[in-house]
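Below you'll find the structure I mean.
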Amino acid sequence: QFFPVFERAAALDVPVYIHPTPPHPAVHEAYFKDYPALAGAPLGFTIEALTHTFRLIVSGLFDKLPRLRIIVGHLGETAPFLLWRTENALGDRIKMPRAFSDYYREHFWLTTSGAFSDAALTCSITELGVERILFSVDWPYESNSAAVDFLKRQALGPNDLEKVAHANAARVLRL
């Protein structure tokens, strides 16, 4: 039902930002009824956003709209960590013209918002490349100074730091 939104974004050559949301009521009932503290940012948001982005790939959307670009916060909601396993487990279950991870690496950019983990950033850069990482804060849920401190402590060379800090965003957002 949202194909026209993605189609228009591709035609305008602008990215779509996928933001987490509370889990579907059935998911909430099955997974979080007895553990409501996990339903939001700790796990529920991740499940919803990750599932949505992976479904976009297997739906064939990017074959229909090869110029479509997607931005996902929170370093992809664990996607970089799961790319190999997802691709390997899909095997012959779903026929796609390209490898699952190729779609992710070509069509997705990740922001650092609310995911100030050095290991998660390293994994994201390793899986997608530094050109796919955008600095972002997560105000008011995380402090802006924590986001800046996170970026400053990274073992990135000056060129890569510049890419993450602003050059990547300027490129993908056409600023």
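Would you mind finding the one in Ile57, Ile94, Ile71, Ile47 that is touching a residue at least 12 places away in the same chain (Cβ under 8 Å) and part of a strand (DSSP E or B)?
Ile71
Can you report the number of residues in the range 48-94 which are open to solvent by 50 Å² or more (accessible area, probe 1.4 Å), within 24 Å of Val164 (Cβ to Cβ) and among the polar types (S, T, N, Q)?
1
What pairs come up if the first residue lies in the range 160-175 and is farther than 19 Å from Arg105 by Cα and in a loop (DSSP other than H, G, I, E, B), the second is open to solvent by less than 30 Å² (accessible area, probe 1.4 Å) and of a type outside the set (Lys, Arg), and their beta carbons are under 9 Å apart, counting only those six or more places apart or on different chains?
Pairs found: Leu175/Ala169.
Go through the range 29-42 and give me each residue that's exposed (fewer than 15 other Cβ atoms within 10 Å of the Cβ) and either in contact with a strand residue (DSSP E or B) (Cβ under 9 Å, 6 or more places away or on another chain) or not hydrophobic (A, V, I, L, M, F, W, C) (or both).
Answer for the range 29-42, where residues must be exposed (fewer than 15 other Cβ atoms within 10 Å of the Cβ) and either in contact with a strand residue (DSSP E or B) (Cβ under 9 Å, 6 or more places away or on another chain) or not hydrophobic (A, V, I, L, M, F, W, C) (or both): Glu29, Lys33, Asp34, Tyr35, Pro36, Pro42.
Of all residues in the range 103-141 being out of contact with any helix residue (DSSP H, G or I) (no Cβ under 9 Å at 6 or more places or on another chain) and without any contact (Cβ under 8 Å) to a residue 40 or more places away in the chain, which is farthest from Thr53 (Cα to Cα)?
Within the range 103-141, the match that is farthest from Thr53 (Cα to Cα) is Pro140.
Would you pick out the residues in the range 87-99 that are touching a Phe, Trp or Tyr at 6+ places or on another chain (Cβ under 8 Å) and under 22 Å from Val130 (Cβ atoms)?
Residue satisfying the conditions is Glu87 alone.
Follow-up. Within the range 99-109, track down each residue that is more than 15 Å from the chain's Cα centre (by Cα) and either buried (at least 20 other Cβ atoms within 10 Å of the Cβ) or closer than 18 Å to Phe6 by Cβ (or both).
Result: no residue meets the conditions.
When only residues in the range 128-159 that are open to solvent by less than 30 Å² (accessible area, probe 1.4 Å) and either in a helix (DSSP H, G or I) or among the aromatic types (Phe, Trp, Tyr) (or both) count, which is farthest from Val172 (Cα to Cα)?
Phe150
Same structure again: Among the residues of the range 3-24, write down those that are modelled with pLDDT of 95 or more and open to solvent by 40 Å² or more (accessible area, probe 1.4 Å). Let's see the steps before the verdict.
Kept after step one, since they are modelled with pLDDT of 95 or more, are these residues of the range 3-24: 3-18.
Within the range 3-24, Phe3, Pro4, Val5, Glu7, Arg8, Ala11, Leu12, Val14, Tyr17 meet the criteria.
Kindly provide the set of residues from the range 19-77 that are in contact with a helix residue (DSSP H, G or I) (Cβ under 7 Å, 6 or more places away or on another chain), farther than 25 Å from Val130 by Cβ and among the small types (Gly, Ala, Ser), ordered by number.
The answer is Ala39, Gly44.
The values are calculated or read from the model by the stated rules, or taken from the named source; none is laboratory data. All values reported here derive from a predicted model rather than from experimental measurement. Methodologically, a virtual Cβ is constructed for each residue, glycine included, from the backbone with ideal geometry; neighbour enumeration extends over all protein chains shown. Accessible surface is based on the protein model in full, side chains and every heavy atom, while ligands, DNA and RNA are left aside. Shrake-Rupley method; radii C 1.70, N 1.55, O 1.52, S 1.80 Å.
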